[in-house]
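Student: First, the structure itself, so that you have it in front of you.
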């Protein structure tokens, strides 16, 4: 079980610990670039959904967007982790970020020439998922190389702020930009946002997998990663608990039905239900300073996942909208706490030459859940 120590007598901070940003210029650039890129991705995600519906007027066609994203994540998540343990992670991150940038430019070009084909939008979504599946294991593996072990919980809390900010701010800005200036403007802003991630990756030093013999393993395989996971019960526990929480207690797919049948609401009610866990997750990241004091990370994960389950259960029992939103937000906060320590264990308890593959397995677990 991963542990960290804190100097005695130190006051427990309330807000997110910014020490990783001050300590490592490389991590600071990477964090800022990812934050800007996540906002751009959130904008494009909403814009593509709106454009597909404008073209087809079919909710089923919009739902297929999720399928187009899910399949590449599952297929390439494991492969991306193996690649991250074989090649220079900086180059892999740069290559995949450049691919995402090019795909955003493709969307801009399509709107400029007037191409409105659902197949093109589906293809772009699928390829963006491939780029993410290649980028995420490499990027996550880099953090443990850029920061000392005691700063990993704080760094992962900051990373949670990045993702939840993108989930909240990106769609909001995307809706405003599409409404005022159209799809072309939203896709253009997304392409510009990706330049921040490209710059951050470009400035990083070379990051070959750290082998004890000083060589790079060219035969890194998915099966090796799965075998390693089988020998680490603490890591298996984190994967199993997260999968159970996502499969058995994640009502997101039912939000449109719940909004109507439970609360007599409409699309705005659905939007509130979707936003509540993300807002709770964001607040959990913002007020995460105390997480650096936690020593027993495995126990923290179990308590956080249990809190998620209790919050979702109470949400399922109440028919008061505002009380339901409160417990969804609490569930999102608990999920952030679980994510912080889960990623910390993956980064600190896994040797560098295996980190990419284990991150790839985690991507598949999250996507499958």
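The values are calculated or read from the model by the stated rules, or taken from the named source; none is laboratory data. Nothing here was measured: the structure is a model prediction, and the numbers come from that model. Using ideal geometry, Cβ is built from the backbone for each residue, glycine included, and neighbour counts are taken over all protein chains shown.
Student: Looking at (1) in the same structural domain as residue 255 (by TED's automatic domain parsing); (2) over 19 Å from the mean Cα position of the chain (by Cα); (3) touching a residue at least 12 places away in the same chain (Cβ under 8 Å), find the lone condition where residue 304 falls short.
Tutor: Failed condition: (2).
Student: It is to be established whether one or more residues within region 143-156 are within 12 Å of the chain's Cα centre (by Cα) and modelled with pLDDT of 90 or more.
Tutor: Yes; the residues of region 143-156 include at least one that is within 12 Å of the chain's Cα centre (by Cα) and modelled with pLDDT of 90 or more.
Student: Restricting to region 283-296, count the residues that are buried (at least 24 other Cβ atoms within 10 Å of the Cβ) and in a helix (DSSP H, G or I).
Tutor: Total satisfying the criteria: 3.
Student: Quick check: anything in region 161-175 more than 12 Å from residue 44 (Cα to Cα), without any contact (Cβ under 8 Å) to a residue 12 or more places away in the chain and either under 21 Å from the mean Cα position of the chain (by Cα) or not assigned by TED's automatic domain parsing to the domain that holds residue 335 (or both)?
Tutor: no
Student: Scan region 249-276 for residues that are farther than 21 Å from residue 50 by Cα and free of Cβ contacts under 8 Å to residues at least 24 places away in the same chain and report the count.
Tutor: Final tally of qualifying residues: 4.
Student: Further question on the same structure: For the condition surrounded by fewer than 24 Cβ atoms within 10 Å (Cβ to Cβ), assigned by TED's automatic domain parsing to the domain that holds residue 238 and assigned to a helix (DSSP H, G or I), what is the one hit in 341, 327?
Tutor: So the residue among 341, 327 that is surrounded by fewer than 24 Cβ atoms within 10 Å (Cβ to Cβ), assigned by TED's automatic domain parsing to the domain that holds residue 238 and assigned to a helix (DSSP H, G or I) is 327.
Student: Could you tell me whether residue 300 is farther than 30 Å from residue 83 by Cα and modelled with pLDDT of 90 or more?
Tutor: no
Student: Consider residue 188 carefully, then state whether it is touching a helix residue (DSSP H, G or I) at 6+ places or on another chain (Cβ under 8 Å), crowded, with 18+ Cβ neighbours inside 10 Å, assigned by TED's automatic domain parsing to the domain that holds residue 90 and within 25 Å of residue 364 (Cα to Cα).
Tutor: No, not satisfied.
Student: Which one of 143, 115, 55, 65 is part of a loop (DSSP other than H, G, I, E, B) and in the same structural domain as residue 182 (by TED's automatic domain parsing)?
Tutor: The match here is 115.
Student: Output the residues belonging to region 44-75 that are buried (at least 23 other Cβ atoms within 10 Å of the Cβ) and closer than 29 Å to residue 207 by Cβ.
Tutor: The one that is buried (at least 23 other Cβ atoms within 10 Å of the Cβ) and closer than 29 Å to residue 207 by Cβ: 44.
Student: Surrounded by 24 or more Cβ atoms within 10 Å (Cβ to Cβ) and under 19 Å from the mean Cα position of the chain (by Cα), is that true of residue 138?
Tutor: When the stated conditions are applied, residue 138 passes them.
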